[in-house]
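The numbers here are math on the coordinates, done by the rules we state, and not lab data. These numbers were taken from a predicted model, which means no experiment stands behind them. Note that each Cβ is placed from the backbone with ideal geometry, even for glycine, and that neighbours are counted across all protein chains shown.
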Amino acid sequence: MNSNDTIRPSSGLSRRGFLAASAGAAFVAAAGDFPGTAQAAAPFVLPPLPFAENALEPVISARTIGFHYGKHHKAYVDNLNKLTAGTEYAGMALEKIITATAGQADKAGIFNNAAQVWNHTFYWKSLRPQGGGEPPPVLKQKIEASFGTLEACKKELANAAMTQFGSGWAWLVLDGGALKVVKTGNADVPLTKGMKPLLTIDVWEHAYYLDYQNRRADYVDALLNKLVNWDFAAQNLG
Ligand code: MN
């Protein structure tokens, strides 16, 4: 699976859509004759988590994942469906919505929810059980070229995560051939600045408060050493 798989609206049908489609072969044939028509009508869906809710314990509890994925991430999907219903954005690829609405005050609701759907899907893939450790060689070489050492890169990521005032995200990105660490506030995502995200750390309080309360540094440190998915970051190098 690459990062594009789950950040677009479902290419399949919702359960209800599937049942409706199953009930009428004529509908299936019609959709087959006009590729894209069924997809355009499909709502945005909450992508499945890439691991079980308790798979990141003890670093991130099943209770945190239950709220974070099952309530917060889901709410962004639900809100996006409400806000885009009947508009030009319904069924559009998330990246396209994000870049089309960034910086437009009258589109802030659509931007925030579309970006938060994308950011969270990307965050789950940035983590894995028994993560951390050494990046694959292709990524490690890039990290050493840009930061000197892996430790220096992790230190910069931790610093970005700690100094993001209030809610937001810390990112490892590819920017014009070099790796960089950047931070964004609220729903903002480096895609809007032409940078290619490789991995992200959610520093909204809902990401860690049940497990770490105010100790954001402990959450970030544990994530970087025990959960970070360097394979996913390497895949995103493209
Ligand atoms: Mn979050």
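What is the sum of charges, Lys and Arg at +1 and Asp and Glu at -1, for the other residues whose Cβ falls under 10 Å from the Cβ of residue 50? Cβ neighbours under 10 Å give a net charge of +2. Cβ-Cβ distance of residue 217 and residue 140, R₀ of 22 Å, FRET efficiency by 1/(1 + (r/R0)^6): the value works out to about 0.30.
Using a Förster radius of 22 Å, what is the FRET efficiency between residue 162 and residue 104 based on their Cβ-Cβ separation? Nearest 0.05, please.
After rounding, the FRET efficiency stands at 0.10.
For the pair the stretch 189-220 / the stretch 70-120, the C-alpha centres are spaced 19 Å from each other.
Computed from point charges on the beta carbon alone (+1 for Lys and Arg, -1 for Asp and Glu), the dipole magnitude for the stretch 66-119 about its Cα centre is near 160 Debye. Counting only Cα atoms, the size of the stretch 137-235 along its three principal axes is 36, 29, 21 Å, in decreasing order. Spin-label model, residue 155 to residue 82: label points 7 Å out along the Cα-to-beta-carbon direction sit 4.6 nm apart. Spin-label pair residue 57-residue 209: with each label point 7 Å from Cα along the Cα-Cβ axis, the two points sit 2.3 nm from one another.
Each of 179, 126, 98 was placed along the dipole of the stretch 71-194 (beta-carbon charges, centred on the mean Cα), and the one lying farthest toward the positive end is 126. Dipole magnitude for the stretch 141-216: computed about the Cα centre from +1 point charges on Lys and Arg Cβ and -1 point charges on Asp and Glu Cβ, it is near 120 debye.
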